Amino acid sequence: MKRPVVIIGNWKMHKTIGESLAFVKHLAPKVEKSSTVIGLAVPFTALHATAKLVKELKANIKVGAQNMNDNPSGAFTGEVSVSMLQEAGADFVILGHSERRHLFHESNAMINQKVTLALEAGLLPILCVGEKLEERDQKETVLKEQLYGSLEGLTTAQVKQLMLAYEPVWAIGTGVVAHPDDAEAAHRHLRELLAKKWGKEIAASMVIQYGGSVKPENSADLLAKEDVDGLLVGGASLSADSFSEIINQG
Ligand code: PGA
């Protein structure tokens with residue numbers, strides 16, 4: 001099955017509104033001929049202005065958020081809801097990123113709630129899963145727990161509407177990228193897990209991005225792998241030059 005190539009930049013806690021707008025103006029002409037699905041996961045504060053600019057420029061860039069709360073609304077000081085993201089112009093939301101799981105102690109049950117809310121609202125969730133360095137020996141068990149735990153109770157029709165990102169924690173921000181064969185093996189394993197629970201069709205159509213120390217120098221080898229459908233790029237997405245270099249290999 002032919003799956004789209006999806007390359008998303010995850011800016012984490014980087015870029016003000018002004019910096020985000022300058023970035024989009026710089027990136028848009030560099031990628032205007034690309035057939036890759038391009039996305040920027042920007043900080044909450046920059047979401048509205050960035051989404052508005054992308055629309056005005058008619059740029060082929062999607063804009064999304066990096067997180068949201070697991071409740072639709074309520075007394076949760078400092079939090080942001082799914083409807084707020086949608087009104088601000090988000091096309092997608094990253095959920096279950098390892099920094100959320102490990103620094104902010106998000107459980108699979110909480111992520112499951114967030115994925116469900118995003119799907120019910122019609123916002124595309126990109127669910128991240130990945131093992132820590134000390135879990136490498138039990139990688140398959142960890143991926144199974146995270147995948148099934150985060151997607152618990154979802155129907156086949158719902159699972160069809162999301163995307164996955166495999167991000168081994170030991171590769172994030174370390175400069176140690178996964179070997180393309182290892183990324184491929186993990187993506188295949190995720191497809192097997194999907195097939196077991198939701199059927200072969202879902203497994204074959206699911207877009208699975210790889211993330212963790214992706215750079216222009218290693219992105220082509222990763223994308224060449226059959227089951228690697230895209231990339232989730234942190235550090236190298238902060239410069240429009242390096243990010244467009246990665247996209248234009250896609
Ligand atoms: P990195 O981050 O590319 O800086 O390793 C990837 C991510 O956390 O999504």
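Among the residues that make up the stretch 199-216, is at least one of them assigned to a helix (DSSP H, G or I), of a type outside the set (D, E, K, R) and within 15 Å of the ligand (Cβ to nearest atom)? Looking for residues that are assigned to a helix (DSSP H, G or I), of a type outside the set (D, E, K, R) and within 15 Å of the ligand (Cβ to nearest atom), one finds at least one in the stretch 199-216, hence yes.
Just wondering, is there one or more residues in the stretch 157-178 that are more than 12 Å from the ligand (Cβ to nearest atom) and either at pLDDT below 95 or closer than 30 Å to PRO29 by Cβ (or both)? Checking the stretch 157-178: at least one residue is more than 12 Å from the ligand (Cβ to nearest atom) and either at pLDDT below 95 or closer than 30 Å to PRO29 by Cβ (or both).
For the stretch 48-67, the criterion of being touching a residue at least 24 places away in the same chain (Cβ under 8 Å), closer than 21 Å to GLY130 by Cβ and not small (Gly, Ala, Ser) is met by at least one residue. For the stretch 217-233, the candidate set comprises residues that are more than 15 Å from the ligand (Cβ to nearest atom) and in contact with a strand residue (DSSP E or B) (Cβ under 9 Å, 6 or more places away or on another chain); within that set, the residue that is nearest to GLY64 (Cα to Cα) is ASP229. Within the set of pairs 6 or more residues apart or between chains, which connect a residue that is of a type in the set (S, T, N, Q) inside the stretch 86-100 to a residue that is outside any strand (DSSP E or B) and surrounded by fewer than 19 Cβ atoms within 10 Å (Cβ to Cβ) with Cβ atoms less than 7 Å apart? Here the result reads GLN86/ALA121, each pair linking the stretch 86-100 to a residue that is outside any strand (DSSP E or B) and surrounded by fewer than 19 Cβ atoms within 10 Å (Cβ to Cβ).
So for the stretch 95-114 (the condition being among the aromatic types (Phe, Trp, Tyr), closer than 29 Å to ILE38 by Cβ and surrounded by fewer than 19 Cβ atoms within 10 Å (Cβ to Cβ)), does at least one residue qualify? Looking through the stretch 95-114, at least one residue is among the aromatic types (Phe, Trp, Tyr), closer than 29 Å to ILE38 by Cβ and surrounded by fewer than 19 Cβ atoms within 10 Å (Cβ to Cβ). The criterion of being more than 10 Å from the ligand (Cβ to nearest atom) and touching a residue at least 12 places away in the same chain (Cβ under 8 Å) does not hold for ALA236.
Just one of the listed residues (SER73, SER81) is under 15 Å from LEU124 (Cα atoms) and without any contact (Cβ under 8 Å) to a residue 24 or more places away in the chain, and it is SER81.
So LYS196 fits all but one of (1) of a type in the set (Lys, Arg); (2) within 17 Å of the chain's Cα centre (by Cα); (3) more than 11 Å from the ligand (Cβ to nearest atom); what number is the exception? Exception for LYS196: condition (2). For the stretch 22-36, the condition of being in contact with a helix residue (DSSP H, G or I) (Cβ under 6 Å, 6 or more places away or on another chain) and closer than 23 Å to VAL129 by Cβ holds for at least one residue.
Rundown of residues vs (1) crowded, with 17+ Cβ neighbours inside 10 Å; (2) closer than 18 Å to PRO216 by Cβ, yes/no style:
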site: ARG3; (1), (2): no, no
site: VAL6; (1), (2): yes, yes
site: GLY18; (1), (2): no, no
site: PHE23; (1), (2): yes, yes
site: VAL31; (1), (2): yes, yes
site: ILE38; (1), (2): yes, yes
site: VAL42; (1), (2): yes, no
site: HIS48; (1), (2): yes, no
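Step by step: first the residues of the stretch 1-22, then only those that are touching a residue at least 40 places away in the same chain (Cβ under 8 Å), touching a strand residue (DSSP E or B) at 6+ places or on another chain (Cβ under 9 Å) and away from the ligand (no atom under 16 Å from the Cβ), then the one that is farthest from ASN60 (Cα to Cα). Which residue is that? Ranking the candidates gives ARG3 first. How many residues are touching a helix residue (DSSP H, G or I) at 6+ places or on another chain (Cβ under 6 Å), in contact (Cβ under 8 Å) with a residue 24 or more places away in the chain and not hydrophobic (A, V, I, L, M, F, W, C) when one looks only at the stretch 101-121? Here the count works out to 2.
Yes or no, residue by residue, for (1) out of contact with any strand residue (DSSP E or B) (no Cβ under 9 Å at 6 or more places or on another chain); (2) in a strand (DSSP E or B); (3) within 29 Å of ALA46 (Cβ to Cβ); (4) within 14 Å of the ligand (Cβ to nearest atom):
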{"site": "ARG100", "(1), (2), (3), (4)": "no, no, yes, yes"}
{"site": "ALA109", "(1), (2), (3), (4)": "yes, no, no, no"}
{"site": "ASN112", "(1), (2), (3), (4)": "yes, no, yes, no"}
{"site": "ARG136", "(1), (2), (3), (4)": "yes, no, no, no"}
{"site": "GLU140", "(1), (2), (3), (4)": "yes, no, no, no"}
{"site": "LYS144", "(1), (2), (3), (4)": "yes, no, no, no"}
{"site": "GLY149", "(1), (2), (3), (4)": "yes, no, no, no"}
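The values are calculated or read from the model by the stated rules, or taken from the named source; none is laboratory data. In this text the structure is predicted, and so the values were computed from the model without any measurement. Virtual Cβ from ideal backbone geometry, glycine too; neighbours counted across all protein chains shown.
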